[in-house]
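Notes for the one structure printed next.
The values are calculated or read from the model by the stated rules, or taken from the named source; none is laboratory data. All of these numbers come straight from a predicted model, not from anything done at the bench. When we count neighbours, we look across all protein chains shown, and the Cβ atoms used for this are built from the backbone with ideal geometry, even at glycine. For accessibility, only protein heavy atoms count, side chains too; no ligands or nucleic acids. Shrake-Rupley method; radii C 1.70, N 1.55, O 1.52, S 1.80 Å.
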Amino acid sequence: MPRPQPRFPEPDTQPFWDATKEHKLTYQVCANSHVVFFPRAHCPTCGSSKLETRESKGEGTVYTYSVVRLNRHPAFAALGPYAVAYVDVDEGFRVLTNIVGLADPVKDAKIGQRVKLQWEDQEGGISLPMFTPA
């Protein structure tokens, strides 16, 4: 079973999801240089609607994480323990994601750990940005 996905059309986030199909992690910068993530129609700091979309290099640091040991949702049940984390991406935004590629998320996930972007393709064409140890 695929993971839950956005219901399209999605006016504010559609360009972000379209970019994931090409394995591009995008974020916005407003006319006053504030970094904006998640995608939206205006800057939450200054209210500017002049937003430029940029592509992240996909590198960052684990801000915090939690290990999910049991999830009854059918899309996640078979994963076993997995790490859910906030990653501070080097371009200045924080993203909620998974840390993948860990032998044991309980022992191997670390706050302050450097990570890099990895993609998980989903049914329906979008891909999910996840991170793995750098």
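Summing Cβ point charges (Lys, Arg +1; Asp, Glu -1) relative to the Cα centre of the chain gives a dipole of roughly 320 debye.
Each other residue within a Cβ distance under 13 Å of Lys21 adds +1 if Lys or Arg and -1 if Asp or Glu, for a net charge of -4.
Using only side-chain charges placed at the Cβ, +1 for Lys and Arg and -1 for Asp and Glu, the dipole size of segment 8-77 relative to its Cα centre rounds to 240 debye. Counting only cysteine Cβ atoms and a cutoff under 4.7 Å, the chain contains unmatched residues Cys46. Helical runs assigned H by DSSP (4 residues or longer) give the chain a calculated mean residue ellipticity at 222 nm of -1500 deg cm²/dmol, each run adding -39500 (n - 2.57) before division by the residue total.
A 1.4 Å probe run over the protein chains yields, for the chain, 59 Å² of accessible area per residue, whole-number rounding. If you sort Phe131, Phe38 by accessible surface, 1.4 Å probe, largest first, the order is Phe38, Phe131. Scanning residues 5 or more positions from Asn98 or on other chains, those with amide H under 5 Å from its amide H are Ala85, Phe131, with H placed 1.01 Å from N in the peptide plane. In the chain, a dipole from Cβ-located charges (positive for Lys and Arg, negative for Asp and Glu) runs towards its positive end, and of Ala83, Thr13, Val35 it is Ala83 whose Cα lies farthest in that direction.
Got a number for the accessible area of Met130? Probe 1.4 Å, square angstrom, nearest 10. Approximately 10 Å² for this residue.
Summarising the amide proton neighbourhood of Thr26: residues at separation of 5 or more, or on other chains, whose placed amide H is nearer than 5 Å comprise Ser56. Under 5 Å between amide hydrogens, which residues at least 5 positions from Ser48 or on another chain qualify, with H placed 1.01 Å from N in the peptide plane? Under 5 Å from the amide H of Ser48: Cys43.
The Cα trace of the chain gives Rg and Dmax of 15.5, 45 Å, the first to one decimal, the second as a whole number. For the chain, the relative contact order is 22 percent, taking Cα pairs closer than 8 Å that sit 6 or more residues apart in sequence and dividing their mean separation by the residue count. Residue by residue, segment 8-24 carries 3J(HN,Hα) couplings of 8, x, 10, x, 7, 9, 3, x, 4, 5, 4, 5, 5, 4, 9, 6, 10 Hz when phi is fed to the Karplus relation 6.51 cos²θ - 1.76 cosθ + 1.60 (θ = phi - 60°); x denotes Gly or Pro. Candidate cross-link partners of Lys116 among the lysines, defined by an alpha-carbon separation under 25 Å and a same-chain spacing of 8 or more, comprise Lys21, Lys24, Lys57, Lys107.
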